[in-house]
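Taking it in order: structure first as structure tokens, then the write-up.
The values are calculated or read from the model by the stated rules, or taken from the named source; none is laboratory data. As the structure is a computational prediction, the values presented were derived from the model and not from experiment. Counting neighbours? That spans all protein chains shown, and the Cβs are built from the backbone with ideal geometry, glycine included. SASA here: full protein model, heavy atoms, side chains in, ligands and nucleic acids out. Shrake-Rupley method; radii C 1.70, N 1.55, O 1.52, S 1.80 Å.
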Amino acid sequence: MTKKRRSQHWYGKLDKDGFIHRSWMKNQGFPDHAFDGRPIIGICNTWSELTPCNSGLRDLAEGVKRGVWEAGGFPVEFPVMSLGETQMKPTAMLFRNLLAMDVEESIRAYGIDGVVLLGGCDKTTPGQLMGAASVDLPSIVVSSGPMLNGKYRGQDIGSGTDVWKFSEAVRAGEMTLQDFMNAESGMSRSAGVCMTMGTASTMASLVEAMGMSLPTNAALPAVDARRMALAHLTGKRIVEMVDEDLKPSDILTKEAFENAILANAAVGGSTNAVVHLLALAGRVGVDLTLKDFEIGSEIPLLVNCMPSGKYLMEDFCYAGGVPVVLNELKPFLRPAKTVLNKDISAHFGGAECFNKDVIRPFDDPVKPAAGLRVLRGNLAPNGAIVKPSAATDALLETEAEAFVFENIEDLKANIDRDDLPVTPETILVLKGCGPKGYPGMPEVGNMPIPAKLVKEGVRDMIRISDARMSGTAFGTVILHVSPEAQAGGTLALVKTGDRIRVSASKGELDLLVDEKELDARRALWQPDDPHYTRGYAKLYIDHVLQADRGADLDFLVGKDTRLVTRESH
Ligand code: FES
């Protein structure tokens, strides 16, 4: 006997409850046969005009619906909270876990059998995956896709990456404010996510490498007609996945996460992938730690895209996209099942590279050994990370004096002072920007170079904080220091003039102050008053885990796959 579909616990009942569930749905014109036991597919949509990167998702939802109907399913689209990375204050990351809760509870509460996750902008992809993983119904991702390449004065310009460059050029007096403003419209000229290898395209690439989407999902531009076709095919596939009972827990294995870590190194992916993968692993019960990211450290950078390289996502797509990268990584990839119910090798078999400068072969990389490095030491007992592919090699092995900003306001008020006592060798330290401290662990870790040094031509310095940085950013930036300052980590005790030693090759990050002195400072230390005292933000501050645990909320780790049996009437 075949198992009763989950949706039939809502729509298959011949009683008052079944009447209520069906009748109200029928006010949208759905016929009787929509409720005849066919798979009901939720389309979980993070479309919003306040999340411009996801503005194409309403159209893509229609593509998914076509595929679901064609395969004999019944598609139902529902909205969840959307997180506009460039629009939300204090940071969209504060709300990633709230989106995950919204997704989880929506999937659990409604009578659906499988889910298509429509996301794109940085936090929407991990938030949706985390929520879906905690319910563990068959799930598949369709991403927004990147914007077309930015253009300004005949040149390609990249989301984020060129904002940071232009902004420094204005501060250095090398670009006029008018030119800076004129670049705005040329940078973002179509629907889609940042077209650099920022966090959005990184997460879409890792979703593809983990087998949670159909092949080519990451790189097809948002406005490329083939993305609509991909949405259609995804709609067909999710109906089959429901019949196969192929769930996230079947796909998101330790091996799949390892493949994501390897792919992240090869694409020059965002440091943000670390917190998102750790949080997602926590949801599916995979034992993933910062140490696991070290398997990527010897992988070379193959994808020549900003911020680590020179091209953009459109070029990456036309060169062959993620399947080509996976093909290059073939000897390292772990066997892992995907949404196709096949091994990951089925996603890249025969992939051909059409531009070997955009996707380099393994033996001629953009940069050797470019994966993220995990640093540990008394300044980060639970770890910190650095992205060598976006850093200055010479700065990755340094011992120098620190200049400390106690919080973001301190930094903003003083960074451009002409008398700031810093040199190009100074290590800039920023506190109070971790998960609890800011709160939400914003992307301020790539703090600006002090104006007086910018004018001297300095474009990179070592910067250390408990913050994150944008996936589009670059520089020798040490991030995610754990425990954070607000949680009483050693970072809270650093004073201007202290010496710090950084060794990326040895994986070390140490504050060269003796233990006795640190104990004395610790005895006097007090956390700052929290910035929020009510609502979700208070819940977040009280329950958020540190960066090395993915900054999920402690009570959201794990999953609950039980069917809700109690009715509303
Ligand atoms: Fe949305 Fe970059 S800001 S993807």
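Based on the mean of other beta carbon atoms within 10 Å per residue, what is the order of 531-539, 508-516, most packed first?
On the way: 531-539: 12.9, 508-516: 15.8.
In decreasing order of mean packing, 531-539, 508-516 become 508-516, 531-539.
Entry note: segment 1-112 has Rg to Rh equal to 1.04, where both radii use alpha-carbon atoms and Rh is the Kirkwood radius.
Roughly how many percent of the accessible protein surface of segment 169-208 is carbon and sulfur, given a 1.4 Å probe and a whole-percent answer?
Working: 820 of 1490 Å².
Heavy-atom surface of segment 169-208 belonging to carbon and sulfur, 1.4 Å probe: 55 percent.
Beyond 18 Å, the tail of the calculated P(r) for segment 465-569 holds 66 percent of the Cα pairs. Going by alpha carbons, how many degrees (0 to 90, nearest 10) lie between the helix axis of 57-70 and the longest principal axis of the chain? Approximately 30 degrees, to the nearest 10. Straight-line cross-link reach from Lys151 at under 24 Å between alpha-carbon atoms covers these lysines, not counting any fewer than eight positions away in the same chain: Lys165, Lys310, Lys356.
Highest-first packing order for the peptide set 463-471, 213-221 is 463-471, 213-221, based on the mean count of other beta carbon atoms within 10 Å. Which values of log₁₀ I(q)/I(0), to two decimal places, follow from the Debye formula for segment 1-49 at q = 0.15, 0.19, 0.33 Å⁻¹ with a uniform point scatterer at every Cα? The Cα Debye sum returns log10 ratios of -0.47, -0.68, -1.31. Relative contact order for segment 412-483: 33 percent, from Cα pairs under 8 Å spaced at least 6 residues apart, divided by residue count.
Here the spin labels are modelled as points 7 Å beyond Cα on the Cα-Cβ line, and at Phe555 and Lys412 they lie 3.2 nm apart. Dipole of the chain computed with +1 at Lys/Arg Cβ and -1 at Asp/Glu Cβ about the Cα centre; of Ala169, Leu14, Ala133, farthest Cα towards the positive end is Leu14. Sequence-distant contacts, meaning Cα pairs under 8 Å at least 6 residues apart, place the relative contact order of the chain at 14 percent. Could you list log10 I(q)/I(0) for the chain at q = 0.06, 0.08 Å⁻¹, which the Debye formula gives when each Cα is one point scatterer? After summing over all Cα pairs, the log10 values are -0.29, -0.52.
Simple rule: put +1 on each Lys or Arg Cβ and -1 on each Asp or Glu Cβ in segment 429-569, find the dipole, and look at Tyr532, Val557, Ser470; the Cα lying farthest toward the positive end is Ser470.
Whenever you get a sec, compute what percent of the accessible area on segment 209-327 sits on carbon and sulfur atoms (1.4 Å probe).
Details: 1520 of 2950 Å².
C and S fraction of accessible area: 52 percent.
Unpaired Cys in the chain, meaning no second Cys C-beta under 4.7 Å: Cys44, Cys194, Cys305, Cys317, Cys353, Cys433.
Working note: Karplus 6.51/-1.76/1.60 with θ = phi - 60° gives segment 370-384 the couplings 9, x, 4, 9, 9, 10, 9, x, 5, 7, 8, x, 9, x, 8 Hz, where Gly and Pro are set to x.
Only helical DSSP H runs with n ≥ 4 go in: add -39500 (n - 2.57) per run for the chain, normalise by residue count and round the 222 nm mean residue ellipticity to 500 deg cm²/dmol. Intermediate results must be reported in sequence, preceding the final value.
Numbers: 18 runs with 183 residues, N = 569.
Taken over the chain, the calculation gives -9500 deg cm²/dmol.
Accessible surface calculations at 1.4 Å, restricted to protein heavy atoms, place the chain at 38 Å² per residue.
Among the trypsin sites (Lys or Arg not before Pro) within segment 1-78, which fall in a DSSP loop and have no more than 11 other Cβ atoms within 10 Å of their own Cβ?
Details: sites: Lys3, Lys4, Arg5, Arg6, Lys13, Lys16, Arg22, Lys26, Arg58, Lys65, Arg66; in loops: Lys3, Lys4, Arg5, Arg6, Lys13.
The qualifying sites are Lys3, Lys4.
Computed packing ranks the peptides 557-564, 272-279 as 272-279, 557-564, most packed first, by mean other Cβ atoms within 10 Å. Here is the list for segment 1-94: GluC sites (Glu not before Pro) lying in DSSP coil, each with at most 11 other C-beta atoms within 10 angstrom of its C-beta, are Glu49.
Quote the charge dipole size of segment 434-527 about the Cα centre in Debye, to the nearest 20; the model charges only the Cβ of Lys and Arg (+1) and of Asp and Glu (-1).
Details: 13 positive and 12 negative charges, 50 e Å.
Around 240 debye, computed over segment 434-527.
When you filter the trypsin sites (Lys or Arg not before Pro) in segment 334-381 for DSSP loop state and at most 10 other Cβ atoms inside 10 Å of their Cβ, nothing is left.
Computed over the Cα atoms, what is the radius of gyration of segment 234-391 divided by 2.2 N^0.38 Å, N being its residue count? Spell out each step's value before the answer.
Details: Rg = 16.3 Å, N = 158, 2.2 N^0.38 = 15.1 Å.
Normalised by 2.2 N^0.38 Å, the Cα Rg of segment 234-391 equals 1.08.
Modelled spin-label separation between Thr533 and Asp17, with each label point placed 7 Å from Cα along the Cα-to-Cβ direction: 4.4 nm.
The mean sequence separation of alpha-carbon pairs under 8 Å and at least six residues apart, normalised by the residue count of segment 359-485, gives a relative contact order of 28 percent. The 3J(HN,Hα) values that the Karplus relation (6.51, -1.76, 1.60; θ = phi - 60°) gives for segment 36-49 are, in residue order, 7, x, 5, x, 9, 10, x, 10, 8, 10, 9, 4, 6, 6 Hz. Gly and Pro appear as x. A simple rule links phi to the HN-Hα coupling: the Karplus curve 6.51 cos²θ - 1.76 cosθ + 1.60 with θ = phi - 60°, which for segment 321-326 gives x, 4, x, 5, 4, 5 Hz, with x for Gly and Pro.
Helix 96-109 and the long axis of the chain differ in direction by around 10°, with both axes built from C-alpha atoms. Across segment 104-251, the volume of the C-alpha convex hull divided among the residues equals 117 Å³ per residue. Rounded to the nearest 10 degrees, the inclination of helix 177-187 to the longest alpha-carbon principal axis of the chain is 30 degrees. What a 1.4 Å probe finds exposed on segment 385-518 is 49% carbon and sulfur by accessible area, rounded to a whole percent.
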